[in-house]
Amino acid sequence: MAVGLEHFLILSAILFAIGLYGALAKRNAVVILMSIEIMLNAVNIAMVAFSRYGHFITGQVFAIFIMVVAAAEAAVGLALIIAIYRSRETVDAEKFDLMKW
Amino acid sequence: MALEIAFWVLAAVSVGAALAVVLLRDIFRAALFLVLCFFTIGGIYVTLSADFLAGAQVLIYVGAIGVLIIFAIMLTRESRRGSPSGRLRLPALVVGLLFLVTMVLVVVGTDWNVVAEPPTEPTTSAIAQALFSGEGFVLAFEIAAALLLAAIIGAIVLVREK
């Protein structure tokens, strides 16, 4: 069975669903951040697959921009987690209630 | 044929590693499986003949973000308590499965307009043309540079000792 565009898109959807489950279900803030990275990678696979099978390069350029935003998000997110851990002694997302009304 | 085998192996390993990330209770092992997942996704870029992106994936995700996440796990001494699931576990499972079923039905049901040309290789010069030519993405490129600078300064300010 020849591998085509649909296979890559379905792989991307599976990875995105796994990341979505992890981001919603987990309590450790670092694991939530890891799940978000999986979701960003899944989107990148879809972008590159469209770029390959639609034969235009813009998909890969967008994938590069997604990587840039993911790197910035990881740096700021992990810095936030460490700052919160310093003041609250926990990284449990269900115990972050500083901004809860 | 070799490309097909490579795709199936890489896809199976990446999905298994992603499942391990969200299911394992040991958070450090989850981080190691995340690095494996990033690496196999780089391999999938190779099967899509995106050579530049495969290199960037290994450098940025496997190298930089993997190390950053492992650092964060070591700095927050939460690894003893593992990574338990919260109250939203069942709704999250339902949402994830609904999303998956919807996407698979849409992908299978759509008539994709696939071009039968061979892929551009190597992609580096084509990406550079798209990024820096007159009608390209120069402005977005400069904004990305400013975003990275802001992220670096923000991270330093956040973790600095008072």
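Step by step: first the residues of region B:33-66, then only those that are more than 14 Å from the chain's Cα centre (by Cα) and assigned to a helix (DSSP H, G or I), then the one that is nearest to A:F8 (Cα to Cα). Which residue is that?
Within region B:33-66, the match that is nearest to A:F8 (Cα to Cα) is B:T47.
If you take the residues in region A:52-91 that are under 16 Å from B:T123 (Cα atoms) and polar (S, T, N, Q), which one is surrounded by the fewest Cβ atoms within 10 Å (Cβ to Cβ)?
Residue satisfying both the conditions and the ranking: A:T58.
Among what's in region B:79-115 and is small (G, A, S) and in contact with a Phe, Trp or Tyr (Cβ under 9 Å, 6 or more places away or on another chain), pick the residue that is farthest from B:V15 (Cα to Cα).
Here the residue is B:S79.
Taking the criterion of being part of a helix (DSSP H, G or I), facing chain A (nearest Cβ under 7 Å) and closer than 25 Å to A:A70 by Cα, would at least one residue in region B:107-121 satisfy it?
So far as region B:107-121 goes, no, none of its residues is part of a helix (DSSP H, G or I), facing chain A (nearest Cβ under 7 Å) and closer than 25 Å to A:A70 by Cα.
Suppose we filter region A:51-60 for residues that are at the interface with another protein chain (Cβ under 7 Å from one of its Cβ atoms) and within 18 Å of the chain's Cα centre (by Cα); how many remain?
Looking only at that region, the number is 1.
Please state which one of B:A54, B:A72, B:A50, B:A6 is of a type outside the set (V, I, T), more than 7 Å from chain A (Cβ to nearest Cβ) and surrounded by 17 or more Cβ atoms within 10 Å (Cβ to Cβ).
B:A54
Here's the yes/no breakdown for (1) under 22 Å from B:A72 (Cβ atoms); (2) charged (D, E, K, R); (3) more than 7 Å from every other protein chain (Cβ to nearest Cβ):
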| residue | (1), (2), (3) |
| --- | --- |
| A:I14 | no, no, no |
| A:G22 | yes, no, no |
| A:V30 | yes, no, no |
| A:V43 | no, no, yes |
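Assess whether B:G86 counts as being at pLDDT 90 or above and facing chain A (nearest Cβ under 7 Å).
Taking the combined requirement at face value, the residue does not satisfy it.
Among all residue pairs at least 6 apart or on different chains, which show Cβ distances below 8 Å where the first residue, located in region B:145-157, is facing chain A (nearest Cβ under 8 Å) and the second is assigned to a helix (DSSP H, G or I) and of a type in the set (D, E)?
From residues that are facing chain A (nearest Cβ under 8 Å), the pairs are B:A151/A:E73.
State yes or no: is B:A12 small (G, A, S), assigned to a helix (DSSP H, G or I) and buried (at least 17 other Cβ atoms within 10 Å of the Cβ)?
no
So which residues in region A:68-92 are more than 7 Å from chain B (Cβ to nearest Cβ) and either touching a Cys at 6+ places or on another chain (Cβ under 7 Å) or in contact (Cβ under 8 Å) with a residue 60 or more places away in the chain (or both)?
Across region A:68-92, the qualifying residue is only A:D92.
Among residues belonging to region A:32-41 that are in contact (Cβ under 8 Å) with a residue 24 or more places away in the chain and within 8 Å of another protein chain (Cβ to nearest Cβ), point out the one that is farthest from B:D26 (Cα to Cα).
A:N41
The values are calculated or read from the model by the stated rules, or taken from the named source; none is laboratory data. Bear in mind the structure is a predicted one, so any value in this text is a computation, not a measurement. Here Cβ is always computed from backbone atoms with ideal geometry, including for glycine, and neighbour counts include all displayed protein chains.
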